[in-house]
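Before any comments, here is the structure.
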């Protein structure tokens, strides 16, 4: 670990500092959006959009390599597919009144399959593993500014519309009766999640995006008493996991993203186990008293 902090403080490895800042900035999105998705029981949404993004990446690479749209960046195709997926999920869920999980699973499978097909027809070799797992050490200063901008937008919207988000997250039907535009809040959450997934998967990969939008918020849900508290606790946990994962990966020469997911998953499982044991002990005490 001392080697990591020495390298971090030195002037010869700016990419390591960029990776640390990227992890901290990403933690705000993981904590805020992950908490809302967890409360709404839509954590699989992140997985669906993340895998649909692979279809957009494959399409962009195919069009660029064939000269149909020269120079088309993969992130452009990813953003288009992510937004289309979010809008489609929202439209079908709200208008057709279908269960979100059915639509989410369909988009998950179709998007990833399209990505594989486009990559198979793209001249040259394209390694899909780089998009699945990413490389946080390749984050640039421009990427950090983009992340900071999205963080600012998300925090501003939460500060301005927190009551509406909270009400529509716990009970959207009752919130709608009270005059809260639950459908609009739902669509905005979908769009923000789609944009966040595109940016985050570029830095840390699809697998880590899915895990970090789920595990810190899931762990925080065991202790938080409100949505705001859950967001803050999940953000802190995500920051700790990402920093510890980066430091451990650097010290042991392991992929930082994979280490981060293992740490977050281990803490989540430990917290869940402790919660189960606490509930059982409380039940036994009540039984004895009765």
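The values are calculated or read from the model by the stated rules, or taken from the named source; none is laboratory data. Quick caveat: nothing in here was measured; it's all calculated off a predicted structure. Cβ atoms come from the backbone with ideal geometry, glycine included; neighbour counts cover every protein chain shown.
Summary of values
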| read-out | value |
| --- | --- |
| Odd one out for residue 223 among (1) farther than 29 Å from residue 243 by Cβ; (2) surrounded by fewer than 19 Cβ atoms within 10 Å (Cβ to Cβ) | (1) |
| Sole exception among (1) in contact with a helix residue (DSSP H, G or I) (Cβ under 8 Å, 6 or more places away or on another chain); (2) without any contact (Cβ under 8 Å) to a residue 24 or more places away in the chain; (3) outside any loop (DSSP other than H, G, I, E, B) for residue 180, by number | (3) |
| Members of the range 116-135 found to be part of a helix (DSSP H, G or I), closer than 18 Å to residue 209 by Cα and either modelled with pLDDT of 85 or more or touching a helix residue (DSSP H, G or I) at 6+ places or on another chain (Cβ under 9 Å) (or both), listed by number | 131, 132, 133 |
| So residue 42, is it in contact with a helix residue (DSSP H, G or I) (Cβ under 9 Å, 6 or more places away or on another chain), modelled with pLDDT under 85, more than 23 Å from residue 84 (Cα to Cα) and surrounded by fewer than 24 Cβ atoms within 10 Å (Cβ to Cβ) | no |
| Top-ranked residue of the range 233-248 - restricted to ones that are farther than 20 Å from residue 135 by Cα and touching a helix residue (DSSP H, G or I) at 6+ places or on another chain (Cβ under 7 Å), ranked as surrounded by the most Cβ atoms within 10 Å (Cβ to Cβ) | 234 |
| Some residue of the range 168-181 being over 29 Å from residue 60 (Cβ atoms) and at pLDDT 90 or above | no |
| Residue tally, condition without any contact (Cβ under 8 Å) to a residue 60 or more places away in the chain and either more than 22 Å from residue 206 (Cβ to Cβ) or in contact with a helix residue (DSSP H, G or I) (Cβ under 6 Å, 6 or more places away or on another chain) (or both), over the range 249-259 | 4 |
| Residue check for residue 209: buried (at least 24 other Cβ atoms within 10 Å of the Cβ), in contact (Cβ under 8 Å) with a residue 40 or more places away in the chain and in a helix (DSSP H, G or I) | yes |
